[in-house]
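> Just passing along the structure, written as structure tokens.
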Amino acid sequence: MAWVLKMDEVIESGLVHDFDASLSGIGQELGAGAYSMSDVLALPIFKQEDSSLPQENETKHPPFQYVMCAATSPAVKLYDETLTYLNQGQSYEIRMLDNRKAGDIPEINGKLVKSIIRVVFHDRRLQYTEHQQLEGWKWNRPGDRLLDLDIPMSVGVIDIKTNPSQLNAVEFLWDPTKCTSAFIQVHCISTEFTPRKHGGEKGVPFRIQVDTFKQTENGEYTDHLHSASCQIKVFKPKGADRKQKTDREKMEKRTAHEKEKYQPSYDTTVLTECSPWPDTPTTFVNNSPTPAPAFTSAQHNTYSVPDSNSSSPNHQGDGSSQGSGDQLHPSATIQETQQWLLKHRFSTYTRLFSNFSGADLLKLTREDLVQICGPADGIRLYNALKSRSVRPRLTIYVCQEPLRSLQLERQDAGNGDSSNGAIYVYHAIYLEEMAASEVTRKLALAFNIPLHQINQVYRQGPTGIHILVNDQMVQNFQDESCFLFTTIKAENGEGFHIILK
């Protein structure tokens, strides 16, 4: 019995000791220094409940990304928005990137989307008076646009449109699955909208904004997908480079501690997500098809990226001079004058010359056009109006040896005698390239010969030998040389050779 009582005392004392030990850690567990709510939430009883809560910190994945190939300024505070300097009129690439994850927005797979690029004011004060500001700029710069798309340099853009009433915007279609780059040109500078002009660095900032839409069931691109923008300042040519260099030199003079407060300069500018521009796409472009352009009431102009065979204003498919359709006649009506301007890539000025007939436009002098359209487009328009083409590098005259059926009778009116002499009618061949292939092609065009049937072109040399016409021989042709040519059947019976005499 005594042994049982002794065991009870031992057990009781052990329980007291264990209980005291368990209580001794409570102060440390709940102490202010060791207490952590994250540790508590990590307990198993909280994990299931926490997993059901929404992930507020999860970043939204944008479907698209737009990257402008222009360096950001190094003189921007760490948590401020980036600032990019641009040169007036210089082309800058904006890469249109598909940033969708697998399964995101499947309805645009294999379809085009529409993007509208705008240059707008950054300051809210100027945003409220944007219409008045742009009208004043338009009055001082007739015929100019705030924003243009460099069509020859752009890649993957389709159905490019601009609205004459919105000089600060341009739109186009593009395929997200293909490489797409839009090259923009900003023609306004930041100091044009300030009361006192003390240089580009004192000018107002602008924003480049891109809004992208998908096609709805009725065929219009009005369903908003994504918008992004960035802050810019525009300087006169080369001014942005000088400003960037000045900012970089200022940062180099700062201490390491001060540099930590500023952002590094990046080679490209990534446009950040923003709200869509309040203008709806339907007010910007009317997508309803029209059978023919009515220029007296048109509100926008449509372009397409030209191919390599028509990008040059002086390109000619053959060696002949420009046809009458390429010349603007004084009798041309207002609508015909508008069509001529569009055909010759002067669509920017269709609104400016909306009331000009052919005679009105032809009366303008070179100085008038330069003052209205600027030096580059003014000179180009003047040359187009005067039908000035590029002088060919070499001109030769070629005549096919006349057959009896092609001989023309010529009568001498002075003495009344007639003679049956053959008139050798020559064709002028204008060579833009000093190459044998160019000679063959122009001969085929001038004499209506199928090009694939001409095997070789020879020149008859001393003692009647046949010398192969190659590039080096063409380069040594004298300008305005005259040739007779005959054709002989090829040895294999397929096609023939041309012999120049």
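The values are calculated or read from the model by the stated rules, or taken from the named source; none is laboratory data. Treat the numbers as computed from the prediction; the structure is a model and nothing was measured. When we count neighbours, we look across all protein chains shown, and the Cβ atoms used for this are built from the backbone with ideal geometry, even at glycine. Ligands, DNA and RNA are excluded from the accessible area calculation, which covers all protein heavy atoms including side chains. Shrake-Rupley method; radii C 1.70, N 1.55, O 1.52, S 1.80 Å.
> Could you sort 443-452, 347-356 so that the peptide with the highest average Cβ count within 10 Å comes first and the rest follow in order?
Ranked from most to least packed, the peptides come out as 347-356, 443-452.
> When only DSSP loop residues count, what GluC sites (Glu not before Pro) in the range 177-260 have their Cβ near at most 10 other Cβ atoms within 10 Å?
E217, E260
> To the nearest 10 Å², what's M434's accessible area with a 1.4 Å probe?
Accessible area of M434: about 40 Å².
> Continuing with the same structure: Taking a probe of 1.4 angstrom, what is the accessible area of R248 in Å², to the nearest 10?
110
> Taking only protein heavy atoms and a 1.4 Å probe, what accessible area per residue, in Å², does the range 87-182 have with all protein chains in place?
46
> Also, I was wondering about something else. Any idea of E93's accessible area? Nearest 10 Å², probe 1.4 Å.
The value for E93 is about 40 Å².
> Using all Cα-Cα distances in the range 127-247, what percent lands in each 10 angstrom bin from 0 up to the longest?
For the range 127-247, the pair-distance distribution reads 10, 37, 33, 17, 3, 0.
> Residues with amide H under 5 Å of T82's amide H, sequence separation 5 or more or different chain, H placed in the peptide plane at 1.01 Å from N; which?
Here nothing satisfies the definition.
> On the protein heavy atoms, probe 1.4 angstrom, tell me the percent of accessible surface of the range 217-268 carried by carbon and sulfur.
In the range 217-268, the share of accessible area belonging to carbon and sulfur is 45 percent.
> Can you give me the long-range amide H partners of Q400? Hydrogens built in the peptide plane at 1.01 Å from N, cutoff under 5 Å, separation of 5 or more residues or another chain.
When sequence neighbours closer than 5 places are left aside, the close amide H contacts are F485.
> Contour minus end-to-end for S481 and I449, with contour as 0.36 nm per residue of separation and end-to-end as the Cα-Cα distance?
That pair, S481 and I449, stretches by 9.4 nm at full extension.
> Direction-averaged shadow area of the convex hull around the Cα atoms of the range 68-150, nm²?
Seen from a random direction, the Cα hull of the range 68-150 projects 9.1 nm² on average.
> Here's something else I'd like to know. Taking 0.36 nm per residue of sequence separation and subtracting the Cα-Cα distance, how much length would be gained by fully extending the chain between K202 and I158, in nm to one decimal?
12.1 nm
> Give me the one-decimal nm value for the distance between modelled label points at Q371 and T129, 7 Å along each residue's Cα-to-Cβ direction.
2.9
> Keeping every protein chain in place, order I108, I423 by accessible area at 1.4 Å, biggest value first, i.e. largest first.
Result, largest first: I423, I108.
> Let me ask another. Ignoring any ligand, DNA or RNA, what whole percent of the accessible area of the range 61-176 comes from carbon and sulfur when the probe is 1.4 angstrom?
52
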